[in-house]
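A.B. asks: Starting off with a structure, shown below.
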C-alpha cells in the first residue's frame, strides 16, 4: 500500500511569503502542530493539562514549553503542541479529562498557523479585522475568535509590543488568507516603506 504524504496547504506559496518578507512585515507559514479540542464541565475549569493551566479568563491563552492552551468558551479550549504527535497529545490529554467528565477530539488537520511579525503588521491586519489590536488592548496572552477578510480565524498576540501575532485559520482557507495578507502588506514592502504614510498613520502614531 502506498504511503500517504501530508502536504502543507501553503507549500506552493511559501517561497513567495519568504521573498516578500521585510523588517516592516514578515509573513511565515507555520509547520503543522498537534491540536486537540477539549471540553470540560465548568466546575473543573482551571485544570492543568500537560503542565499548562486551562485559562478561565475569556479570550486568553497560557503556555509552557510544550503546550499552549487557548480559551474558546466557558467549557472549551484548544490545546496545541509542538512536542507531541496528534496521537500522543490526544491520548495523554484524554487520560486526564475523561475521569473529570470531559472529552477530547483530535483537530490537528483543521487549522494551520500563519505568523506575522514586524512593526507594520497591525496596519496589515486592520485592513481586514475589526478587533482593536493596539498593545494597550491586545497584549501577549490575548486570543480572539474573529474574521480577517471574511475568513474565520483564531488570532493570538505573542508579544506585548503589538508586533508579533499568530493566526490560526482553517486549512481550506489558508491559501486565500495568505494571498490576502500578501496583497494587504504590499504597500509596506517598498524600499521607502511608505515614510509619508507613517506621518498620518493613526495606528502607528498611537504608540
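A.B. asks: Given 20 °C and 1.002 mPa s, how large is the Stokes-Einstein diffusion coefficient of region 34-106 in µm²/s, with Rh as the Kirkwood radius over Cα pairs?
C.D. replies: Approximately 183 µm²/s, per Stokes-Einstein.
A.B. asks: Quick one: angle between helix 174-185 and the longest Cα principal axis of the chain, in degrees between 0 and 90, rounded to 10, please.
C.D. replies: 30
A.B. asks: Another question, if that's okay. Taking the Cα centroid of region 122-176 and of region 86-114, what is the distance between the two, rounded to the nearest whole Å?
C.D. replies: Between the Cα centre of region 122-176 and that of region 86-114, the gap is 24 Å.
A.B. asks: What's the angle, to the nearest 10 degrees (0 to 90), between helix 86-97's Cα axis and the longest principal axis of the chain?
C.D. replies: Around 60 degrees separate the two axes.
Throughout, read-outs are computed from the coordinates displayed, never taken from laboratory work. What you are looking at is a predicted structure, and each value in this text was computed from that prediction instead of being measured.
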